[in-house]
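> Starting off with a structure, shown below.
The values are calculated or read from the model by the stated rules, or taken from the named source; none is laboratory data. Fair warning: this is a prediction, and the values are worked out from it, not measured in the lab. Don't worry about glycine lacking a Cβ; one is built from the backbone with ideal geometry, like all the others, and counts go over all protein chains shown.
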Amino acid sequence: MKNNYTFSSRRKTYLKSTALFFLTFVSTMVFQQANAQSTYKIEGDSQIKVAVDSIKNNFTAVGSTNAINAEGNFIIKDGSLDHISSFKLKMPMVNSNMSPSETLTNDSIGFELTHVMVLPTMRLIHIVGMLDVGGVSSRTELDFSFTVNEDQTISLFGTKSIKLKDYNKDSKFSSAVLKDNAEVKLDMNLLFKNNQLNLAVVSPEPEKK
């Protein structure tokens, strides 16, 4: 009788251990698959500041999270950013020195990646792509530093100065401030979240005595 009880107890323990291993294995595979290549979208306290400096005018335009439309396909490996297969963003411009009725509603800045190099150990990203400023596109290089946060979000930080005289045609972007060799400076602080990542934590039932 004692042997039967011992066998039954061991069998229950074995089955629970097997079930727990299976659940852990499945959860791990789901996590790895979700992070192999996932679409991350902008959220949180993301912000892009755009300062335009010219002889006639100075203004700073700010794009907040609600105004910025950005997403990218990021590949996470061993807890660090390993590659970016796509990246694009677009934001309307709002002049902080203007009243709401004078908002630059027809102006925007956009960027789309064509080539990228990620340096995981240095936490640096070098991106080449097309930058659109008020309807004028030009090949541009952007450099970011990055951090993969504990909650699996990705923070990107970067700055870029652009001389608008290098563009091939007149831009519609704030035409009043684009004369006299105006320069645009982008100050980017972006936070991306993987909305596809939704892992459930499974806790085993306590073993009955």
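> Would you point out which residue out of Ala61, Ala36 is within 22 Å of Ser161 (Cα to Cα), modelled with pLDDT under 95 and among the hydrophobic types (A, V, I, L, M, F, W, C)?
Details: Ala36 fails: within 22 Å of Ser161 (Cα to Cα).
Of the residues listed, the single one that is within 22 Å of Ser161 (Cα to Cα), modelled with pLDDT under 95 and among the hydrophobic types (A, V, I, L, M, F, W, C) is Ala61.
> Just one of the numbered conditions (1) at pLDDT below 95; (2) surrounded by 16 or more Cβ atoms within 10 Å (Cβ to Cβ) is not true of Ile127; which one?
Tallying (1) at pLDDT below 95; (2) surrounded by 16 or more Cβ atoms within 10 Å (Cβ to Cβ), Ile127 fails exactly one: (1).
> Determine if the stretch 162-178 includes at least one residue that is farther than 16 Å from Glu71 by Cα, touching a strand residue (DSSP E or B) at 6+ places or on another chain (Cβ under 8 Å) and at pLDDT 90 or above.
The answer is no; no qualifying residue exists.
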